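The values are calculated or read from the model by the stated rules, or taken from the named source; none is laboratory data. In this text the structure is predicted, and so the values were computed from the model without any measurement. Ideal geometry is used to build each Cβ from the backbone, glycine not excepted, and the neighbour counts take in all protein chains shown.
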Amino acid sequence: ETGVTQTPRHLVMGMTNKKSLKCEQHLGHNAMYWYKQSAKKPLELMFVYNFKEQTENNSVPSRFSPECPNSSHLFLHLHTLQPEDSALYLCASSQAGLTPLLELFFGEGSRLTVL
Amino acid sequence: GDSVTQMEGPVTLSEEAFLTINCTYTATGYPSLFWYVQYPGEGLQLLLKATKADDKGSNKGFEATYRKETTSFHLEKGSVQVSDSAVYFCALYNTDKLIFGTGTRLQVFP
């Protein structure tokens, strides 16, 4: 199995729908991240979890709700999204704690389209 | 706040051409610097890194030197291949934050 797996790879939803993105890592890491990748914008950090505890919420709107039930799984629950939320959502994992030698391992991403 | 600025793409090259992708940064203190690469349909993966001034990171024929005097970390490769076509992200780590640039798309044609 690949190190970091994201499902679904593609998701189309209406503004009133509720859906979830799932991420699973098989690398034994204790930190997990959600990033948003939009065209011509820097990669945006959304949430960070260390040992299942949320340690970063980068001013993300409440229509995005993360969940980390254990160190291997991370979810992003979506509800009442806006068209501008359409983007590629990337999950990543690393050893717990940010260090100067930090290396993040990314999944392939979930391409979200909000109609 | 800290930030990373990359040249806009796409960068279009013929195979075996020389590659430079510019990256400059703004940061207080002494950040670590990284290049990540995203191949089509894949997630980002670490390409190379440098943790202090004058360090040179290298991997797969790519190199970048941490230049504190010019606050730059330009990515270079002497002879690109079609398989190098990807999006390249410059990033810095400083004060517990990892900050990415916008990414630069490289297209290499045979």
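Consider B:ALA64 against the criteria (1) under 21 Å from A:LEU90 (Cα atoms); (2) surrounded by 20 or more Cβ atoms within 10 Å (Cβ to Cβ): it satisfies all of them except one. Which criterion is unmet?
(1)
Is one or more of the residues making up the range B:24-34 more than 9 Å from every other protein chain (Cβ to nearest Cβ), within 30 Å of A:CYS23 (Cβ to Cβ) and more than 14 Å from the chain's Cα centre (by Cα)?
Yes, that holds for at least one residue.
Among the listed residues B:VAL37, B:VAL87, identify the single one that is part of a strand (DSSP E or B) and touching a helix residue (DSSP H, G or I) at 6+ places or on another chain (Cβ under 9 Å).
Values: B:VAL87 fails: touching a helix residue (DSSP H, G or I) at 6+ places or on another chain (Cβ under 9 Å).
Result: B:VAL37 is the single residue among B:VAL37, B:VAL87 that is part of a strand (DSSP E or B) and touching a helix residue (DSSP H, G or I) at 6+ places or on another chain (Cβ under 9 Å).
Yes or no, residue by residue, for (1) at pLDDT below 90; (2) within 12 Å of the chain's Cα centre (by Cα); (3) polar (S, T, N, Q):
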residue: A:GLY3; (1), (2), (3): no, no, no
residue: A:LEU27; (1), (2), (3): no, no, no
residue: A:PHE51; (1), (2), (3): yes, no, no
residue: A:HIS73; (1), (2), (3): no, yes, no
residue: A:LEU81; (1), (2), (3): no, no, no
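Take the residues of the range B:40-58 that are surrounded by fewer than 14 Cβ atoms within 10 Å (Cβ to Cβ) and in a loop (DSSP other than H, G, I, E, B): which is farthest from the other protein chains (Cβ to nearest Cβ)?
Selected residue: B:ASP54.
Please work out which residue is nearest to B:ALA91 (Cα to Cα), limiting yourself to the range A:56-115 and to residues that are among the charged types (D, E, K, R) and within 13 Å of another protein chain (Cβ to nearest Cβ).
Among them, the one singled out is A:GLU103.
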